[in-house]
1. Restricting to segment 84-122, and then to whatever is free of Cβ contacts under 8 Å to residues at least 12 places away in the same chain and within 23 Å of the chain's Cα centre (by Cα), can you tell me which residue is surrounded by the fewest Cβ atoms within 10 Å (Cβ to Cβ)?
2. Report the residue count in segment 179-205 for those that are in contact with a strand residue (DSSP E or B) (Cβ under 7 Å, 6 or more places away or on another chain) and not in a helix (DSSP H, G or I).
3. For segment 127-147, state whether one or more residues are among the aromatic types (Phe, Trp, Tyr) and crowded, with 22+ Cβ neighbours inside 10 Å.
4. Could you tell me whether segment 61-69 includes any residue that is surrounded by fewer than 23 Cβ atoms within 10 Å (Cβ to Cβ), basic (Lys, Arg) and out of contact with any Phe, Trp or Tyr (no Cβ under 7 Å at 6 or more places or on another chain)?
5. Picking from Gly245, Gly249, Gly300, Gly306, which residue would you name as being modelled with pLDDT under 95 and of a type outside the set (A, V, I, L, M)?
6. Looking at Lys290, Lys314, Lys340, which is the one that is assigned to a strand (DSSP E or B) and out of contact with any Lys or Arg (no Cβ under 8 Å at 6 or more places or on another chain)?
7. Between a residue in segment 210-237 that is in a loop (DSSP other than H, G, I, E, B) and surrounded by fewer than 19 Cβ atoms within 10 Å (Cβ to Cβ) and any residue that is modelled with pLDDT under 95 and among the hydrophobic types (A, V, I, L, M, F, W, C), which pairs come within a Cβ distance under 9 Å, given they are 6 or more apart or on different chains?
8. Just the residues that are part of a helix (DSSP H, G or I) and of a type outside the set (S, T, N, Q), please, taken from segment 17-49.
Amino acid sequence: MKVDVLLGMQWGDEGKGKIVDVLTPQYDIIARFQGGPNAGHTLEFNNIKHVLHTIPSGIFRPKAMNVIGSGVVVDPVILREEIESAMKLGADLHNNLLISKKAHLIMPSHRLLDKAYEEYKGASKIGSTQKGIGPTYTDRTARIGLRMGEIFSPDFVQKYNTTKAHHLKVMQGYNFTETNEEYEKQWFEAVEYLKTFNFIDSEIYVNKALNDGKSILAEGAQGSMLDVDYGSYPFVTSSNTLASGVCSGLGVAPSKIGKVYGIVKAYCTRVGSGPFPTELFDATGETLRKIGNEFGATTGRARRCGWFDLVALKYAVMLNGLTDIIITKADVLNDFDKLKVAVAYKINGKEVDYVPFEMNDDIEPVYVEFDGWKQDISKCQSEDDLPKPLKDYLKFIAKETGVRISYLSVGPDRVQTLNVNIE
């Protein structure tokens, strides 16, 4: 068996949670391999809307085991809140949630560091969620971080205080004096609560499961254009969001990667600062935001909206070795007369068909235009029910990327997801 992978292909918020929930019946195990509680994976079923930040999106499927992998960073307070919320909806997390001992802990002082760094940047801030994710990954690389398995260590508090003291010294250099004693109290209470759940050596578990013939889906957070190495740096997240991140985040060999599903909105959005070539600043952008309810599941911030960016998608397809594309939120475009797709960038008067090193506000998108379908597609049951203009739109994307579209979301509920085959 191999690990199939599901990733966002844009700047995050592509609808990964819903699609994982839809695909989960095909898999025995769902595993998060990177990111932290800056993720917001929204699921809708039985007239219930639920947002997950750290827990894998297969948690409401009782037959699936859910793994928080070693590449994830965990805030115990947020994870406890998530667990309690999911259990109220009937999820049995004591039996179907496994937490890697090697996942790193987000400390309360990491949150303070995040805020200090962002304030120091001033006008050049990146739009961090200030949940301590970046500083936690920094400590992991600097080899001074705390891992989940250490909460069972008899000298855990001593290790905590040593790392906290280091953080306080750093903050002094930024003249940052804010404290969060109340959050720290909640944090230690949450650590004790989490001790009642199952902790594992996730790399051993995952590889044994593969050898035993179990099917695994690796769930990514954020999007490919936010990858710390290949995204729109420095306006990126702090982890590897690409398919290659599965290998380090779950401890599996590259030869163990199977299908790679890439999720793409039928248009583009972005939260926070950074380049966004197809961003719309007019009434059309506002209409997309309103109809698509484009507000961050984690932060509540309004998302920036724009037309579909084929240049960025081709780049993400190349980096991830995509086998299948999944299009979400096609229904948001129901009422548009015309749609645009960026097929190239114009930089200093020269057209390029790739994402350049200097991805900045000087990029002008080159568009091709499509007719809108001007009808409600939310009740479509199959590919045959789709209007021709929508099929033309999808076929263009599939042809240009060289990757077939295998699923299409026509509404927010899990049942509004069509299995299609568009090439």
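1. Checking each candidate, the answer is Glu84.
2. Number of matching residues: 4.
3. Scanning segment 127-147 turns up at least one residue that is among the aromatic types (Phe, Trp, Tyr) and crowded, with 22+ Cβ neighbours inside 10 Å.
4. Within segment 61-69, one or more residues are surrounded by fewer than 23 Cβ atoms within 10 Å (Cβ to Cβ), basic (Lys, Arg) and out of contact with any Phe, Trp or Tyr (no Cβ under 7 Å at 6 or more places or on another chain).
5. Matching residue, one of Gly245, Gly249, Gly300, Gly306: Gly300.
6. Unique residue meeting the criteria: Lys340.
7. Listed pairs, sorted by first residue: Asp212/Met1; Gly213/Met1; Lys214/Met1; Ser215/Met1; Asp229/Val236; Tyr233/Met359; Pro234/Ile126.
8. Within segment 17-49, Gly17, Lys18, Ile19, Val20, Asp21, Val22, Leu23, Pro25 qualify.
The values are calculated or read from the model by the stated rules, or taken from the named source; none is laboratory data. Everything numeric in this text was worked out from a predicted model, so none of it was measured. Glycine gets a Cβ as well: all are built from the backbone with ideal geometry, and neighbour counts include every protein chain shown.
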